[in-house]
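Visitor: Sharing a structure, written as structure tokens. Questions coming.
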Number of protein chains: 2
Amino acid sequence: MKWVGMATLLFASLCCAQESGDFKPAASNVSGATYPRVDGSSRAQLRVKAPDAAKVKVKFWSGPKLDLEKQADGFWTVTTPPLAPGLHYYTLIVDGAEVSDPGSHTFYGGSRDASAIEIPEPGASYYLPQDVPHGQVREVWYHSSVTGDWRHVLVYTPPGYDVQTSVRYPVLYLQHGAGEDETGWTKQGHANFILDNLAASGSSKPMIVVMANGYAKRAGQPVPDLAGKPFGSPEAMRAMQEMAAAFEDDMTQALIPYIDANFRTIPDRDHRAMAGLSMGGMQTFQVTFDHLDLFGYIGGFSGAAGPLVLGNEKLNAKTAFHGALADPAAFAKRVHLLWLGVGTEEPAMMHAGLVRLHESLIDAQIKHVFYESPGTAHEWQTWRRDLKDFAPRLFQEGPSKP
Amino acid sequence: MKWVGMATLLFASLCCAQESGDFKPAASNVSGATYPRVDGSSRAQLRVKAPDAAKVKVKFWSGPKLDLEKQADGFWTVTTPPLAPGLHYYTLIVDGAEVSDPGSHTFYGGSRDASAIEIPEPGASYYLPQDVPHGQVREVWYHSSVTGDWRHVLVYTPPGYDVQTSVRYPVLYLQHGAGEDETGWTKQGHANFILDNLAASGSSKPMIVVMANGYAKRAGQPVPDLAGKPFGSPEAMRAMQEMAAAFEDDMTQALIPYIDANFRTIPDRDHRAMAGLSMGGMQTFQVTFDHLDLFGYIGGFSGAAGPLVLGNEKLNAKTAFHGALADPAAFAKRVHLLWLGVGTEEPAMMHAGLVRLHESLIDAQIKHVFYESPGTAHEWQTWRRDLKDFAPRLFQEGPSKP
């Protein structure tokens, strides 16, 4: 940090950027950055300084790849076609180097701290900070006997948690996707603001939300050597299963007991839910159906029971999930909510897989909710909408007294 | 997020990188990134893919600027000379574009999400996560009547805060530098781990630490238009003073009352400290000396009373700080600790300014502590060491009972 530029930095942190026409700096920008910016028709305008570059491109991970044009001042610019609402990861490619945009905040995705641009959804404010009571998002470290190390977990406590100290709350375990981490649901997803707003309007019960890191390795186990072992190879599949099993054990044997001992939870299956997106949805199906004694509510956001969605496998309702679906009436009594969601613009295989699972559940007469997010891809606006639909269906019996 | 690359992403998040000789991936890397890496003699090795670039450089903000060399595989690499211990911000320059390193986590500094590399300090573990009880770091939103908006503040609560619910704690307000924000003290500084470790060894009292955003603008005030007004111009100086005054009012009229109402503090000056680095040190001197009724402990880390340090102004002990220093015996009775620190490798003006202030305080017979961090610059290792020396001197009378 050079202190000599302090005045510039100070004012950069206060200033709203200059506007030009309808374009305004994106909400996802660092303070004072005038680019990237967004106009009323959801077009984005990017600008980056690269005076000596021969070629600069932008790659939206779930959208277009575009060339930027060099200007006389050494900056490169481009205006995109209208983009879908939501937070879009993107990469700048400067003479072959895939880098983040210095004007954007970074968000952990694709196993890197990546740029992303927020395109507002017209008329929607459910995921934005509002003038309502706010909960806290706590960084917590717990020691796991399963992984043998200290693990970092984020815990949302609802508004009033520190004031109403005799109230106990239900808990939602909420998992990120592959390449992301436990910061995703609040930083990208705004889960805390979504739940603040839902609770303020009376649409959902106040709840604790636990966002764990979805990667786990058993204490003492070596990292698998997968050099030359492609996705789908027996070695890679076994390694994935081992990781998933370690996560399941960490969650059920270390994390849940820690949360129940250290937060004012209602520690029973009627007041415990789990949901996750993509990889987190697969983890949710594995963990909850292996432990229906622990969970009463289940959500798969753009991901659920791996082979049933991505593997083109047909649901056998008699045998699947240890037979939990064999008796629809018993299932409906035991599982208060089975919820599936997918965006209409997700990759065809993902969308088709979720639709197929949904139809199989209808055939099997398994009560569930199926939600399609119109016009959104395998991205955060889908999952924000999922949470907005899912959370109000949870714990409607209300918090019990201790 | 593309789900098809899931296996790769999964394993990247688990794997420790391959080592080569003595070099190991930096602790500041994203999961699975093999570069940048560091060897036992504190050299860093950088590597970035830029197949079509003509020139790639690295600029350490408080260190060398070096050219990378292109390899046959399209990657560019460089090995640095030994670097000082600590966290060093750096920028890659790819054909003139100043960007972050995709292998590094980003840290908010210089008003951007910047790369930084952690160079271990041999034999030092006071700032690393240890096998000791950990406090929480809470994201909190409070509404400020001064700025007219919701403000984001981080609050460290010590280990056991949620368990020992009848204990009240002293509070340290701890401020970041210019171009950084409220995340700096934990993400870059590891303040939470430093305090966990100090409390575990009995070296310091358990305390609450409040890390506020140091930028403020009064409700309804326009952003100053400083186009063409350089640093030091009357307009720029006035704008800086207005921002500092708004911050002071926000802190004393909104933040402190909020913290005292919502956390189990001991709400008096004997149990309230303030410290800050660089700009945060200047803010500390302004806020505390304007409000000695609120604060009993004062720390300036690489920054204190602006003109006295950077302005080459001589301390007039009779008139400075509303006359607080005029009677050394009365001052020593009233202010339990006045603490100044600076790194020996900071810019000459900063180092000389702090030394001059220290000597002026000796001349004025004002009891204080002066600490020089050997071999470190205007960077986080200086401030980590400052906190390690400063915190154990606070609140030695211990927490009172409610």
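The values are calculated or read from the model by the stated rules, or taken from the named source; none is laboratory data. Given the structure is predicted, the values throughout are model-derived calculations rather than measurements. Cβ placement follows ideal geometry from the backbone for every residue including glycine, while neighbour counts extend to all protein chains displayed. Ligands, DNA and RNA are stripped out before the accessible areas are found, and what is left, the full protein with its side chains, is counted by its heavy atoms. Shrake-Rupley method; radii C 1.70, N 1.55, O 1.52, S 1.80 Å.
Visitor: Compute the normalised compactness of the protein assembly as shown: alpha-carbon radius of gyration over 2.2 N^0.38 Å, N being the residue count.
Guide: 0.96
Visitor: On a 32 Å Cα-Cα criterion, which of the cross-link pairs A:Lys57/B:Lys70; A:Lys217/B:Lys65; A:Lys49/B:Lys70; A:Lys70/A:Lys388; A:Lys217/A:Lys314 come out too long?
Guide: Too far apart for the 32 Å limit: A:Lys217/B:Lys65; A:Lys70/A:Lys388.
Visitor: Working with all protein chains in place, sort A:His143, A:His88 by solvent-accessible area computed with a 1.4 Å probe, largest first.
Guide: The residues order as A:His143, A:His88, largest area first.
Visitor: May I ask you to list the aspartates and glutamates whose Cα is less than 16 Å away from that of B:Lys55, ignoring any residue fewer than eight positions away on the same chain?
Guide: Hits, sequence-local ones excluded: A:Asp52, A:Asp95, A:Glu98, B:Asp67, B:Glu69, B:Asp73, B:Asp95, B:Glu98, B:Asp101.
Visitor: Just report the Cα centroid separation between segment B:324-359 and segment A:39-82, whole Å.
Guide: 49
Visitor: Give me a comma-separated list of calculated 3J(HN,Hα) values for segment A:310-318, in order, Karplus coefficients 6.51, -1.76, 1.60 applied at θ = phi - 60°, integers in Hz, x for any Gly or Pro.
Guide: Each residue's phi maps through the Karplus curve to give 8, x, 6, 8, 8, 5, 9, 5, 6 Hz.
Visitor: What's the total accessible area buried between chains B and A, using a 1.4 Å probe, rounded to the nearest 100 Å²?
Guide: For B against A, buried area totals roughly 6900 Å².
Visitor: Any chance you could look up the accessible area of B:Glu359 with a 1.4 Å probe, heavy atoms only, rounded to 10 Å²?
Guide: 100
Visitor: Here's a follow-up. Classify segment B:256-402 from the C-alpha gyration tensor, please: rounded if a/c falls under 1.5, else prolate or oblate depending on whether a/b exceeds b/c.
Guide: oblate
Visitor: Now for a different question. With contacts defined as alpha carbon pairs under 8 Å and 6 or more residues apart, what's the relative contact order of segment A:194-304 in percent?
Guide: 19
Visitor: A follow-up question, please. For chain A, what's the relative contact order in percent, using C-alpha pairs closer than 8 Å and at least 6 residues apart?
Guide: It comes to 13 percent, rounded to a whole number.
Visitor: With contacts defined as alpha carbon pairs under 8 Å and 6 or more residues apart, what's the relative contact order of segment B:269-325 in percent?
Guide: 35
Visitor: Here's another thing I want to ask about it. Mind listing the label-point distances from A:Pro82 to the same position on all other copies, shortest first, one decimal in nm, points 7 Å along Cα→Cβ?
Guide: Ordered by increasing distance: 6.2 nm.
Visitor: I need the shape label for chain B. Rule: rounded when a/c is under 1.5, else prolate if a/b > b/c, else oblate, with a, b, c from the alpha carbon gyration tensor.
Guide: prolate
Visitor: Related question: With no solvent and one equal point scatterer placed on each C-alpha of segment A:19-134, evaluate the Debye formula and give log10 I(q)/I(0) for q = 0.09, 0.22, 0.23 Å⁻¹, two decimals.
Guide: Scattering profile of segment A:19-134, log10 relative to I(0): -0.24, -1.34, -1.45.
Visitor: Further, regarding this structure: Treating the beta-carbon of each Lys and Arg as +1 and of each Asp and Glu as -1, no other charges, what is the dipole magnitude of segment A:76-150 about its Cα centre, to the nearest 20 debye?
Guide: Rounded to the nearest 20 debye, it is 120 debye.
Visitor: If you don't mind, another one. If you roll a 1.4 Å probe over the heavy atoms of the protein chains, what accessible area per residue do you get for segment B:150-224, in Å²?
Guide: That works out to 28 Å² for each residue.
Visitor: In terms of solvent-accessible area of protein heavy atoms at a 1.4 angstrom probe, what is the ranking of A:Asp249, B:Asp67, highest value first?
Guide: In descending accessible area the options line up as B:Asp67, A:Asp249.
Visitor: Also: Through the Karplus equation 6.51 cos²θ - 1.76 cosθ + 1.60, θ set to phi - 60°, convert the phi angles of segment B:259-264 into ³J(HN,Hα) values in whole Hz; use x for Gly and Pro.
Guide: Running phi through 6.51 cos²θ - 1.76 cosθ + 1.60 with θ = phi - 60° gives 5, 5, 7, 10, 10, 7 Hz.
Visitor: Between segment B:145-214 and segment A:215-293, what's the alpha-carbon centroid distance in Å?
Guide: Here the two parts' Cα centres lie 32 Å apart.
Visitor: Here's another thing I want to ask about it. Pull out a ≥ b ≥ c, the square roots of the eigenvalues of the alpha-carbon gyration tensor of segment A:57-113, then state rounded if a/c is under 1.5, prolate if not and a/b is larger than b/c, and oblate in the remaining case.
Guide: Oblate.
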